[in-house]
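The values are calculated or read from the model by the stated rules, or taken from the named source; none is laboratory data. Every value quoted in this text rests on a predicted model; they were computed, and no experiment measured them. Virtual Cβ from ideal backbone geometry, glycine too; neighbours counted across all protein chains shown.
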Amino acid sequence: MKSGSRHSGPGLLALFRAWLRHHGQVARESLVRIRQTPLQSGLMIAVIAIAGSLPAALHQMAGTIKGISGDISRTSDIQVFMRTDVSNQSALEMADSWRQLALVEQVELIDPEAGRAQFESYSGLGSVLELLDENPLPAVIRLTPVEQIASDPAAVESLMNELRAASGVEQVQFDFQWLERLTALLNLVDRLNLVMGLLLGAGIVLVLINSIRLMIDNRKDEIIIVKLVGGSNEFVRRPLLYTGFWLGLLGGCSAVLLADLASFTLCQPVALLVTSYALDSLGSGLLSLGESLTLVMLCAALGLSGAWLAVAQHLDAIEPR
Amino acid sequence: MIRFVNVTKRYPSGYEALQRVNFELEQGQMAFLTGHSGAGKSTLLKLIMLMEHATRGEVLFEGKSLTRLRKRQIPYHRRRIGVVFQNHSLLFDRNVFDNIALPLIISGYSGAEIARRVRAALDKVGLLNREKHSPIVLSGGEQQRVGIARALVHKPDLLLADEPTGNLDPGLSWEIMQLFQQFNSVGVTVLIATHDIALINQMNKRQIQLAEGRLVADIPAGQSR
């Protein structure tokens, strides 16, 4: 850039520097003031932290469960129970014929004997079966659908109808109904979380409006003097806005810690649940860096808007008389 | 510098604090605004500071009407004026230095320039060794001098004072008046509202007399009664 081609007044530059300097100074001073009123500020920060961490923790938990249920649905099988009068041989033939189906990845025949062995080992009720003269278990054919349709209820349903129509089939089961309900429930939790988040966010703003309003009242004399010696509205409101921003920011950081603490506490039961489904994928349960930053910035923005609203409402009313 | 043209101020309660007031204060002049309490002295100063607006008539500052000034411009108008109050209006949560620095911070001066000017102002009012003190530990006269330093630190064109010696004994009042006179001698226009007749007569300056909101006498300098 050529220097001197345009006349930029040094006064303007100096004023801009002064403006920046004042921002830095006010940012520092308002932080110091927050430290000087530990009880009042601490309470505010705690309120913001609790209000902010609740939806975050819930969101995190719902996310974890969703991940698990996704894994489950991907590994879900269709179980075809044959009538007890179907011979092993014809069941085997049937299984072979289904192997050709485009939507099926894997087919496994569990004959009544194998079924009995499984039942004994899983349920511990093997002795009950011993009381019976003959094996009451039917042959079961387990089909693993290809991955693409596992999450598509309509495709699974049509496949199941096809299987039901085959001769010798007693019942066709797919474990996706409870999964569907779980997904619906999780969506409801998501929606609930959104509503709760909005309400708690509004709560943060209201609490801040009140707190900044009190600050304005406490500093009434100072505001009047500053206005009398030529302080503009911007000058007067700057420290108040910074206070709102800092309270929100500190509250947001505490909210991240609280949410992580909650997730950490829930980590073990979730891990148990996961191992019971023999799944290995599980996140740390903690908020990611991006999520943490989002939460912190969101709280800071709410703090700032609360302060802004309080200032807009109350500052104009304080004029030197 | 200041001109009042047929200025009437009626408060919402219906009370007329000023009625058809006309006068002019020229650049570099020093004048006293006198009258009993309730005569309208404070209202007149408030109109100049734009803490109140005239109901009728016009207040002119350097030839420009203040009634047409936008709200956003009021702070910039006030930065050209230094004000001294009877109750000092100091901030007790900060020290003497920071109190005096306030108008400079508002106007956007740099740290070094602020320190230089604040010390110069403190020197003029004789409180150089008190800059780190809280105003609360100062005597009434010292607090008033801090107020004066704050009013003058940004070199205003006009100095307004509302009962600046109201709570001071005659000796201290005289010192404060000498300070005002000193600033006037370097070109600052000064308008002081007071009802301290003895002091005014000693000073021998122009007197603008108000009674019940009307201007009843305008006595030029050197003709005090």
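Being touching a helix residue (DSSP H, G or I) at 6+ places or on another chain (Cβ under 6 Å) and closer than 30 Å to residue B:6 by Cα is the requirement here; does residue B:162 meet it? Spelling it out, residue B:162 is indeed touching a helix residue (DSSP H, G or I) at 6+ places or on another chain (Cβ under 6 Å) and closer than 30 Å to residue B:6 by Cα. Within the range B:81-91, the set of residues being out of contact with any helix residue (DSSP H, G or I) (no Cβ under 7 Å at 6 or more places or on another chain) and either more than 21 Å from residue B:154 (Cα to Cα) or within 13 Å of chain A (Cβ to nearest Cβ) (or both) comprises just one member, B:87.
Rundown of residues vs (1) modelled with pLDDT of 85 or more; (2) under 34 Å from the mean Cα position of the chain (by Cα); (3) within 14 Å of chain B (Cβ to nearest Cβ); (4) more than 30 Å from residue B:50 (Cβ to Cβ), yes/no style:
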| site | (1), (2), (3), (4) |
| --- | --- |
| A:163 | no, no, no, yes |
| A:181 | no, yes, no, yes |
| A:194 | yes, yes, no, yes |
| A:199 | yes, yes, no, yes |
| A:223 | yes, no, yes, no |
| A:229 | yes, no, yes, no |
| A:243 | yes, yes, no, no |
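For the range B:93-123, the tally of residues that are over 10 Å from residue B:153 (Cα atoms), in contact (Cβ under 8 Å) with a residue 24 or more places away in the chain and more than 12 Å from chain A (Cβ to nearest Cβ) stands at 3. Listed by first and then second residue, the pairs with beta-carbon distance under 7 Å, at least 6 apart or on different chains, first residue in the range B:9-34 and closer than 25 Å to residue B:64 by Cβ, second surrounded by fewer than 12 Cβ atoms within 10 Å (Cβ to Cβ) and not aromatic (Phe, Trp, Tyr), are B:28/B:187. Of the helices (runs of 4 or more DSSP H) lying entirely inside the range A:141-250, those carrying at least 1 residues that are surrounded by fewer than 18 Cβ atoms within 10 Å (Cβ to Cβ), touching a helix residue (DSSP H, G or I) at 6+ places or on another chain (Cβ under 8 Å) and touching a residue at least 24 places away in the same chain (Cβ under 8 Å) are A:147-150, A:153-165, A:176-218.
Checked against (1) at the interface with chain A (Cβ under 9 Å from one of its Cβ atoms); (2) buried (at least 16 other Cβ atoms within 10 Å of the Cβ); (3) at pLDDT below 90, residue B:72 meets all criteria but (2).
If only residues of the range B:196-212 that are in contact with a helix residue (DSSP H, G or I) (Cβ under 8 Å, 6 or more places away or on another chain) and in contact (Cβ under 8 Å) with a residue 60 or more places away in the chain are counted, the one that is nearest to residue B:170 (Cα to Cα) is B:203.
Where helices (runs of 4 or more DSSP H) sit wholly within the range A:1-99, none has at least 3 residues that are within 14 Å of chain B (Cβ to nearest Cβ), modelled with pLDDT of 85 or more and within 30 Å of residue A:162 (Cβ to Cβ).
Yes or no, residue by residue, for (1) within 30 Å of residue B:156 (Cα to Cα); (2) not β-branched (Val, Ile, Thr):
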residue	(1), (2)
A:233	yes, yes
A:240	yes, yes
A:246	no, yes
A:253	no, yes
A:256	no, no
A:259	no, yes
A:264	no, yes
A:268	no, yes
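All conditions but one from (1) more than 8 Å from chain A (Cβ to nearest Cβ); (2) closer than 19 Å to residue A:220 by Cα apply to residue B:78; the one that does not is (1). Looking only at residues in the range B:19-68 that are polar (S, T, N, Q) and part of a helix (DSSP H, G or I), the one that is farthest from the other protein chains (Cβ to nearest Cβ) is B:67.
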